[in-house]
Every structure is written in structure tokens, then in C-alpha cells.
Amino acid sequence: MSDSGGDRGHLLTERPNPASEELDRLPTASLVALFCANDLLPQQAVAAAAPALTAAIDAIAARLANGGRLFYLGAGTSGRLGVLDAAECPPTFCSPPELVQGVLAGGAAALLRSSEGLEDLRDAGRDDLDERGFGAADALVGIAAGGTTPYVLGGLAHGRALGALTVAMACVPAEQVPMPCDIDIRLLTGPELLTGSTRLKAGTATKMALNILSTGVMVRLGKVFGNRMVDVAVTNSKLEDRALRILRDLAGVPRDEGLGLLQQTGGSVRLALLMAASGLGAEAARAALERHGPGLRQCLDGLGVSLGPSSMPPVA
């Protein structure tokens, strides 16, 4: 194997953690306690990155609102976390599968079997993005815990050259590893208890940051009303129950009437809520969303109506 990357021992994610020097000799209870104490640090790291996360959410939402897409690019644990976050968007927000995409070095096979060697191929990140038609209108989040992954760096450089929005997410300081990007998110969780194992604190912080990023973007795109996922895809009994409770809680719609509304709207909670609030039929409500939406609150404001059990007009 080559040593083209050089000695990475100076990186924050590669340093040994003095707190775990005797990890293999600790009683199990002490080992667990040490991990529990150390796992408070990802929350602090994400909180410290709040300004960069804020900028990323607004910039990505603007791209998506204008027809762009969001791509997560990574290898190993970082890439798998991106794929996981992307995969959760369609059922949670009823977004098209192509709107948020996870691109992992090695493809689908790398989800189940380690293929870390592929992360050294700088051109592969560019090629994988090109295969998906990635372009200037899109947004890219390159995820690399240690910040040195050639696969991710190549993808970010390609994105910048195209004029796409580029966001870097890493767990080392920018002065240790600069990354080509428009917005730089650094989650400084410190050395791992198991030296270099960034699936631990670094992975936890990355998952937290991606949760905030994708949820914030979808909120900005109008896919949330209050704290309810009003664009949830009603694809099983659990989600149907959630949809019926949303209709009950926000619009005072009994379950049997809620079922009827969901049937009329093809399972669209947002459309069912609009029908309940406005008294419009399904087609008229769809037209109102196209005219005033896409967000439910935006549409309700445009129609001059509001949600609430006490003032529900009859549904036409």
C-alpha cells in the first residue's frame, strides 16, 4: 500500500485520548461510564457549529426551492450516515427520492460491506456525482470526519468548479485540513476513546448535524406545520395513525372523517388539513396549494383561513 496521504497523527480525530489509555483493563461498568461521559461532547460540538448549520440550511433550502437537489457525498461511516439521512426524507416529508440523495463510495454494496479503499480515489467522487446529473443548481454536502478523504475532496472541488453550493462537514479544525467549500461545518468532538474510530463521537455528531440540516431545510420548504410533519407519507398503519392524529389535533377532525379526507387526497395530510380548514374540495384545495403554497401555512394565510377545531367549515 502507498503512503500518499502522509502521517495523519496530528489530526484531532486520530489523536489518542488520554482518558481511555487503560480502556482494555477497565471493568465493564467503568468502560460504559466513560463512554457515556464522552458522548456528551457531540452535543457541544454541534452547538458550536450552529452558525455554519444555519447558513447551510438557508442556502440549501434556496437551491431546492429553485429546482435544485441536495447530495450527500462520503465514504465509510460518513457516507453511510449521508445515505441514511437521505433515505429518511421521502417517508418523513413526502419528498421525491431524487430530491435528497446519498452518494457513497462503493455504491450500495458499501452499505453492508466495508470498502474504505475506494475513498482514496479522488476522481471517483466527481464521477459518481456526474452519473446522477449533478450540476450548478444543486447543493452538495461533502462529509469526511477527518477531512482528508480524497473521494469527498474531489467531489467538493468539482462542485465548486460547476458553481454548485458546496458544504463541507468534518470533525477536525479547518486550520488542520482546509476543504474546498462555500460553507464549512466543523464538529470538533475531540479524540475518540478508541483511537481513530470515527464511527463513535464523530459519527454521533455527524448524525446529529445531518438531522438538523435536513429537517431545517424541509421546514424552510414548507413541509412542516408547527412541529408536525404534515407531508408525512401515509404508507403503513403507524403513519396512518400519525396522520389521523395530526388531523385531529390541528383541525379537530374525528378519525372516521379523517380517513375519508385521506382517501380523497390520496394520503396527503397537507391537502386534507387544507380541505378541513377551508371547506374546499380536493381539486380546489390542490389548486389553492399551487396558487398560494407550497407550504400549508403560506396557503392558509393566502386564503385568509386558519386551522383550529373551533372554527371548522363543512367540507364541500
Among the residues of the range 117-174 satisfying the criterion of being at pLDDT 95 or above and acidic (Asp, Glu), which is nearest to Asn66 (Cα to Cα)? Asp138
Selected residue [touching a Cys at 6+ places or on another chain (Cβ under 6 Å) and either assigned by TED's automatic domain parsing to the domain that holds Pro51 or acidic (Asp, Glu) (or both)] from Asp249, Asp231: Asp231
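Tell me, which residue of the range 39-74 that is within 20 Å of Pro173 (Cα to Cα) and touching a strand residue (DSSP E or B) at 6+ places or on another chain (Cβ under 7 Å) is surrounded by the fewest Cβ atoms within 10 Å (Cβ to Cβ)? Talk me through it step by step, then tell me what you get.
Taking the range 39-74 as the starting set, the residues that turn out to be within 20 Å of Pro173 (Cα to Cα) are 39-56, 73-74.
Remaining after also requiring touching a strand residue (DSSP E or B) at 6+ places or on another chain (Cβ under 7 Å): 49, 52-53, 55-56, 73-74.
Details: Ala49: 21, Ala52: 18, Leu53: 22, Ala55: 15, Ala56: 27, Leu73: 33, Gly74: 28.
Taking the candidates together, the pick is Ala55.
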For the range 211-244, what are the residues that are assigned to a helix (DSSP H, G or I) and surrounded by fewer than 19 Cβ atoms within 10 Å (Cβ to Cβ)? Asn211, Ile212, Gly216, Val219, Arg220, Ser237, Lys238, Leu239, Glu240, Asp241, Arg242
Could you look through the range 90-115, keep only residues that are farther than 21 Å from Gly135 by Cα and within 18 Å of the chain's Cα centre (by Cα), and pick out the one that is surrounded by the most Cβ atoms within 10 Å (Cβ to Cβ)? Phe93
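The values are calculated or read from the model by the stated rules, or taken from the named source; none is laboratory data. Being a predicted model, the structure only gives us computed values, none of them experimental. A quick note on method: Cβ atoms are made from the backbone with ideal geometry, for glycine too, and the neighbour counts reach across all protein chains shown.
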